Amino acid sequence: MTSVPSRSPAPSPDQLLVLLEVSRSGRFTTAAETLGLNHTTVARKVAALEKSLGGRVLARAAGGWELTELGERAVRVAGEVADAVGRLGPAGDAPDPVAGVVRMTATDGFSAYIASPAVAELRAEHPHLSVELITVTRRATQQRSGVDIEVVVGEPQVHRAQAFRLGEYALGMYASRDYLARRGTPRTPNELASHGLVYFVDSMLQVDDLDAPRRLAPQMRDGLTSTNVFVHVEATRAGAGIGFLPCFMADRHEDLVRLLPEYFSERLPYWMVLRPDSLRQPAVAAVVEALRRQVEAERPRLLGREAG
């Protein structure tokens with residue numbers, strides 16, 4: 001009698017939902033905490049899913065796990081399962097789909113003055129939404145395991161991702177009124193040579209588009225440098241030198257004066273990078289739209305007082 005080859009069992013909904021949670025966090029431990037499971041159970045369910053599908057759904061990446069192409073297809077189905085489960089609930093009391101955790105990265109200034117108010121307004125309407133906001137100034141990553149949204153400066157070069165231009169912001173040279181009273185106000189770019197620059201640490205700068213002051217005023221020596229733009233603003237206010245600052249941050253302070261705007265008025269774009277599956281999640285889509293609205297509302301401030 002000829003034996004019939006045994007088939008692997010079909011993927012179960014709970015295996016797909018576990019994979020969906022791992023894809024959001026990039027870590028088994030974080031997914032386990034969110035789902036109320038232990039790490040071993042999560043790993044076992046992912047292994048069972050891979051056996052059912054006949055291939056790997058996750059691959060090791062820097063800082064966590066990244067979806068394979070098979071995993072991306074499985075997560076799309078998992079999202080449909082999660083949507084269907086979300087529609088179940090007491091009669092007349094459909095749960096809010098804009099819920100759960102959305103993780104995003106953005107620069108310091110964008111995080112404080114664009115993302116924070118956007119998320120605050122969104123959470124007033126959707127209180128079960130939670131946003132994890134990680135501040136970094138870097139290029140878009142090629143491996144975005146565990147991150148739903150990235151906001152970066154400059155057009156990103158990415159694969160297996162969606163990128164959208166959000167808007168732009170202006171930067172200019174600023175000094176405090178007290179500093180100018182002590183040191184004098186430079187009237188030409190050449191006069192900047194006797195002043196220290198307050199800006200990013202050149203050797204640690206990861207975004208080529210942010211090299212403007214070294215290109216526009218190469219005669220300036222570094223005064224105080226930092227990886228944090230809030231330090232740039234406060235150091236400039238304290239008189240550590242002349243800062244090359246985002247206008248939407250510097251213009252908030254009456255003690256700062258913009259210098260030589262006809263020579264120093266750099267505009268840089270903000271771009272948003274998303275995993276291919278991210279916009280399928282109602283919570284991610286809602287955060288994306290909130291960020292777009294906030295950027296548009298803040299456009300005059302982003303472009304600075306000298307925009308005209």
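Here are the numbers for the structure shown:
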quantity: ³J(HN,Hα) computed for each position of region 45-50 - Karplus, 6.51 cos²θ - 1.76 cosθ + 1.60, integer Hz, glycine/proline x; calculated: 5, 5, 4, 5, 5, 5
quantity: Peptides 54-61, 25-32, 290-297 ordered by average Cβ neighbours within 10 Å, highest first; calculated: 25-32, 290-297, 54-61
quantity: Cleavage-rule hits (chymotrypsin sites (Phe, Trp or Tyr not before Pro)) in region 230-308: DSSP loop, at most 14 neighbouring Cβ within 10 angstrom; calculated: Tyr263
quantity: Choice from Arg177, Arg76, Arg44 showing the highest fluctuation, given a GNM over the chain with Cα pairs closer than 10 Å; calculated: Arg44
quantity: Cβ-derived FRET efficiency at R0 45 Å, Thr68 paired with Glu262, nearest 0.05; calculated: 0.30
quantity: Computed over the chain: relative contact order in percent, which uses C-alpha pairs under 8 Å that are six or more apart; calculated: 21
quantity: Average Cα contact separation per residue, region 197-308, under 8 Å, 6 or more apart, as relative contact order %; calculated: 26
quantity: DSSP bridge pairs, the chain: antiparallel proportion in percent, nearest 5; calculated: 65
quantity: Rounded to whole Hz, the Karplus (6.51, -1.76, 1.60) HN-Hα couplings of region 216-232, x for glycine and proline; calculated: 7, 9, x, 6, 6, 8, 5, x, 10, 10, 7, 7, 10, 5, 5, 5, 4
quantity: Label-point separation in nm, Ala238 to Asp96, each point 7 Å along Cα→Cβ; calculated: 4.1
quantity: Correct option for volume of the Cα convex hull per residue in Å³ [calculated from the coordinates] among (i) 153; (ii) 139; (iii) 118; calculated: (i)
quantity: Unit charges at the beta carbon, dipole of the chain: most positive-side option, Met272, Gln294, Val77; calculated: Val77
quantity: Paramagnetic label zone (point 7 Å from Cα along Cα-to-C-beta, Thr185; backbone N under 18 Å) in region 261-285; calculated: 261-265
quantity: Value of [θ]222 nm, deg cm²/dmol, for the chain, DSSP H segments ≥ 4, -39500 (n - 2.57) each, nearest 500; calculated: -10500 deg cm²/dmol
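Values quoted throughout were computed directly from the atomic coordinates according to the rules given, and no laboratory measurement underlies them. Just so it is clear, the structure is predicted and the values come from calculations on it, not from any experiment. We place every Cβ from the backbone using ideal geometry, glycine too, and count neighbours over all the protein chains shown.
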